[in-house]
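The next block holds one structure in the form of structure tokens; read it before the comments.
The values are calculated or read from the model by the stated rules, or taken from the named source; none is laboratory data. Just so it is clear, the model here is predicted, and its values are computed rather than measured. Here the Cβ positions follow ideal geometry from the backbone for every residue, glycine too, while neighbour counts run over all protein chains shown.
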Amino acid sequence: MDLFQMPISNLSGVSNARLMYFQKLGIFSVGDLLYFFPKSYENRMNQKYIAELSDEETATVTVRILEVSSRRVRQNLTLISVMAEDETGSLKLTFFNQKYLINSLKAGQEITVFGKVSRRIGYFEMTNPSIQKSTKGGNFSENYIPKYPLTKGLTQGVVQKAVADALTVAKEHIGETLSMDIRKKYHLCELLYALQNIHFPTGEQELSAAKKRLAFEELFYLMLGLGKLKLQQKKVAGPKLVNYKIAEEFADKLPFPLTDAQKRVTREICNDFKQGYQMNRLVQGDVGSGKTMVAAMAMLICAKSGYQAVLMAPTEILARQHYEGLKPYFDEFGISVELLVSSMKKKEKTAVQTGLQSGEISLVIGTHALIYDTVEFQKLGLVITDEQHRFGVKARSRLTEKGENPHCLVMTATPIPRTLALIIYGDLDVSVIDELPKGRIPIKTKIANENQRGLVYEFVAKELSQGNQAFVVCPLIEESDALDAENAIRVQEELQKTYLKDYRIGLLHGKMKADEKDDVMNRFVTGDYDVLVSTTVVEVGVNVPNATVMVIENAERFGLASLHQLRGRVGRGQKKSYCFLNLADQKARKRLEIMEKTTDGFQISEFDLKHRGPGEFFGTRQHGLPSTKLSNLTYSMETVRLAKEAAEAILLEDAELILPQNKQIAQGVKKMFDRHSYVSQL
């Protein structure tokens, strides 16, 4: 029986009342539940007496309750305090807004608690520990307790019980998804064993074996599917574009020389154009590496070969910047180019749509407005998407469907190590612009602690006094009790009253409407604002040459890739630029020191890969392709390498997966991709 066809309502612990909450988490079947992996575990093997505890450690302690009390701190906050002891010392337990404990915990009761310990004068304290009434001496029956992502209406206990029930059903119905030969060759455990130990591991080795097996399996099928798709795409006829000389003429008219990397990538694109097959290529380049000029040359070749080309950007601001920057070059070659964005008047949109349909307009640059049904092309030959992961497969496919197998070029400024990019973007050919234009002034990056925050903003004020502009980026929009982090609204108010009171400060965040965001960003670009306080919505490639300072508050809360992308918003002009990483938690300093040492995004991504594993990078895939369930769990590059090796060996022998011995593999690939909104032909 296919467990992905068995509804979770079949499980005893999933009532009709709870069904909708599981569905909110994307869990509809028993199979979905089995592959709903824990985000972390509580390791309760570290059982100690109170006297053996150390400050900041996480431990399990069995204690006897002395006293339970509660007090209301404010309207929405009630503290429950429990004083407890064992024969070696005292322990205070503090709980926030868990009023039910008043009735469930009594003096004289023995309980076992698990949590992080803080040393106080004369006693230790745990805040919001996990708690279990003791049985058989007070030891937990499990060493590793799974912790799942939750939604309102579900508790850890409810999900844990449902998963345990699903595993019981799986014992009777689950089928193996990898052949004995593959499991033997790569030393992989059986599927049922892996699922049992990914949810309820009996030890560290068992958990490691489960992760390896499940990571291998999903990467193996992902690479098989993408590899098969890539081979199929190589057979799709596409426009034959021949006028390459125009690219050389374009390069000669630029006020700066192309880098060797730009020339190499342009040649790779031209080679695709010659083949007569549809191109599907990713151009990966660091911030400021010149991807847009490569795209412009591809568009010119397309237009001079008698076809139309389209460039789609994720925001109106970016689309307008591309249009205004490239139009003078296209005009010089007599090539018509227009802009198409949602904010244009209906009359303007209609004129562009008519010109595209008649073929009068050769090139168009725009946003999602390009994928509307009212937009038709006479002869579409090339589709380019900028910051492609912001659109995903669906938007790109809706554009390509407006022509007869047009060439596809996708661009990203997110640096990913080449070996990993070849896996993550397995359905695309990958080109890398790994060189920055000569003469670009490197951005000076400095990590600052809380005591230096005032000095940072004094420096910002000095830059502003010289007519420059600044970005300030915060991790949150509003106040949060859960996270002690600077937020955009509070920071804007603080700066307006203190360090930057003489300057005009704009505010930008994701909760604003699209037209509000565009208005604020436009006012910053045109100089109406001196400072822009923002969340990470500013990350996408907006060009503000006059901005020379970037301050990132609570930088420890950002990944290195995000920090690098944010830093790239400054240093886009001819002035020396600066980036300050303000830290609230000094423990993160060592991880962030790479940002001070280099502005090379590929070096930073290699560092991230080495220290945090490849799982983080699988979140950068374009929307619409199968996601990796294990991306939040660390697995090694060795597992990635082995899965790639196994997939390539099979495709080399049987590219269509039609041989009898590969029937099970073909079904596995189809099942993985069918659960996502991508390619039906797999």
Exercise. Would you tally the residues in segment 195-205 being in a helix (DSSP H, G or I) and either under 19 Å from SER29 (Cα atoms) or touching a residue at least 24 places away in the same chain (Cβ under 8 Å) (or both)?
Key: 4
Practice problem: Please specify each residue of segment 29-53 satisfying the condition of being of a type in the set (Lys, Arg) and in contact with a helix residue (DSSP H, G or I) (Cβ under 6 Å, 6 or more places away or on another chain). | Solution: none
Self-check item: Residue ID - surrounded by the fewest Cβ atoms within 10 Å (Cβ to Cβ), chosen from residues in segment 575-590 that are assigned to a helix (DSSP H, G or I) and at pLDDT 90 or above
Solution: LYS590
Practice problem: Pick out the one residue from LYS212, LYS230, LYS234 that is touching a residue at least 60 places away in the same chain (Cβ under 8 Å) and within 30 Å of GLN275 (Cβ to Cβ). | Solution: LYS230
Quiz item: List, please: which pairs have Cβ atoms under 8 Å, are six or more places apart or on different chains, and start with a residue in segment 557-582 that is farther than 10 Å from ILE443 by Cβ and end with one that is aromatic (Phe, Trp, Tyr) and assigned to a helix (DSSP H, G or I)?
Solution: LEU560/PHE607; PHE580/PHE459
Quiz item: Across segment 660-680, which residue is farthest from the chain's Cα centre (by Cα) among those that are modelled with pLDDT under 85 and hydrophobic (A, V, I, L, M, F, W, C)?
Solution: VAL679
Self-check item: Residue that is modelled with the highest pLDDT, among those in segment 530-541 that are buried (at least 21 other Cβ atoms within 10 Å of the Cβ) and part of a loop (DSSP other than H, G, I, E, B)
Solution: ASP530
Quiz prompt | segment 42-53, subset at pLDDT below 85 and not in a loop (DSSP other than H, G, I, E, B), residue farthest from GLU204 (Cα to Cα) | solution = GLN47
Self-check item: Tabulated pairs, segment 2-17, first within 14 Å of GLY175 (Cα to Cα), second part of a loop (DSSP other than H, G, I, E, B), C-beta under 8 angstrom, 6+ apart or interchain
Solution: LEU3/ILE174; PHE4/ARG675
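Quick grid of which residues meet (1) surrounded by fewer than 18 Cβ atoms within 10 Å (Cβ to Cβ); (2) among the hydrophobic types (A, V, I, L, M, F, W, C); (3) modelled with pLDDT of 90 or more:
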{"position": "SER81", "(1), (2), (3)": "yes, no, yes"}
{"position": "PHE95", "(1), (2), (3)": "no, yes, yes"}
{"position": "SER118", "(1), (2), (3)": "yes, no, yes"}
{"position": "THR127", "(1), (2), (3)": "yes, no, yes"}
{"position": "LYS133", "(1), (2), (3)": "yes, no, no"}
{"position": "GLY138", "(1), (2), (3)": "no, no, no"}
{"position": "ALA170", "(1), (2), (3)": "no, yes, yes"}
Quiz item: Taking into account only those residues within segment 542-574 that are surrounded by 24 or more Cβ atoms within 10 Å (Cβ to Cβ) and among the small types (Gly, Ala, Ser), which is modelled with the lowest pLDDT?
Solution: GLY571
Quiz item: Which of the residues belonging to segment 146-194 are under 27 Å from the mean Cα position of the chain (by Cα) and not in a helix (DSSP H, G or I)?
Solution: PRO146, LYS147, TYR148, PRO149, LEU150, THR151, LYS152, GLY153, LEU154, THR155
Quiz prompt | Tally of residues being of a type in the set (Lys, Arg) and buried (at least 19 other Cβ atoms within 10 Å of the Cβ) across segment 272-295 | solution = 2
Quiz item: With respect to LEU657, is the statement that it is modelled with pLDDT under 85, part of a loop (DSSP other than H, G, I, E, B) and buried (at least 19 other Cβ atoms within 10 Å of the Cβ) true?
Solution: no
Practice problem: List every residue pair whose Cβ atoms sit under 6 Å apart, with the two residues 6 or more apart in sequence or on different chains, where the first one lies in segment 366-385 and is within 18 Å of ALA303 (Cβ to Cβ) and the second, anywhere, is among the small types (Gly, Ala, Ser) and surrounded by fewer than 19 Cβ atoms within 10 Å (Cβ to Cβ). | Solution: GLN378/GLY359
Quiz item: Out of (1) under 26 Å from LYS379 (Cβ atoms); (2) surrounded by fewer than 16 Cβ atoms within 10 Å (Cβ to Cβ); (3) of a type in the set (A, V, I, L, M), what's the single condition that is false for LEU231?
Solution: (1)
Quiz item: Would you say SER336 is in the same structural domain as GLN378 (by TED's automatic domain parsing), over 30 Å from GLY510 (Cα atoms) and of a type in the set (Gly, Ala, Ser)?
Solution: yes
Quiz item: Mind checking which residues of segment 234-256 are in contact with a helix residue (DSSP H, G or I) (Cβ under 8 Å, 6 or more places away or on another chain), more than 19 Å from VAL283 (Cβ to Cβ) and part of a loop (DSSP other than H, G, I, E, B)?
Solution: LYS240, VAL242, ASN243
Quiz item: Can you name the residue in segment 55-78 that is surrounded by fewer than 16 Cβ atoms within 10 Å (Cβ to Cβ) and within 36 Å of the chain's Cα centre (by Cα) and, of all such residues, is nearest to GLY115 (Cα to Cα)?
Solution: THR58
Quiz item: Out of the residues in segment 515-524 that are buried (at least 18 other Cβ atoms within 10 Å of the Cβ) and modelled with pLDDT of 90 or more, which is farthest from ASN449 (Cα to Cα)?
Solution: VAL520
Practice problem: Output the qualifying pairs, or none if there are none: Cβ atoms under 6 angstrom, residues six or more apart or on different chains, first residue in segment 639-662 and among the acidic types (Asp, Glu), second residue surrounded by fewer than 20 Cβ atoms within 10 Å (Cβ to Cβ) and part of a helix (DSSP H, G or I). | Solution: ASP654/ASN662
Quiz item: Can you spot a residue in segment 241-254 that is surrounded by 14 or more Cβ atoms within 10 Å (Cβ to Cβ), in contact with a strand residue (DSSP E or B) (Cβ under 8 Å, 6 or more places away or on another chain), under 17 Å from LEU326 (Cβ atoms) and in the same structural domain as ALA421 (by TED's automatic domain parsing)?
Solution: no
Quiz item: What are the residue pairs meeting all of these: first residue in segment 310-329, first residue closer than 14 Å to LYS517 by Cβ and assigned by TED's automatic domain parsing to the domain that holds ALA298, second residue basic (Lys, Arg) and part of a helix (DSSP H, G or I), Cβ atoms under 6 Å, and 6 or more apart or on different chains?
Solution: PRO314/ARG390
Quiz item: In segment 301-329, which residue that is closer than 13 Å to ALA247 by Cα and touching a helix residue (DSSP H, G or I) at 6+ places or on another chain (Cβ under 7 Å) is surrounded by the most Cβ atoms within 10 Å (Cβ to Cβ)?
Solution: ILE301
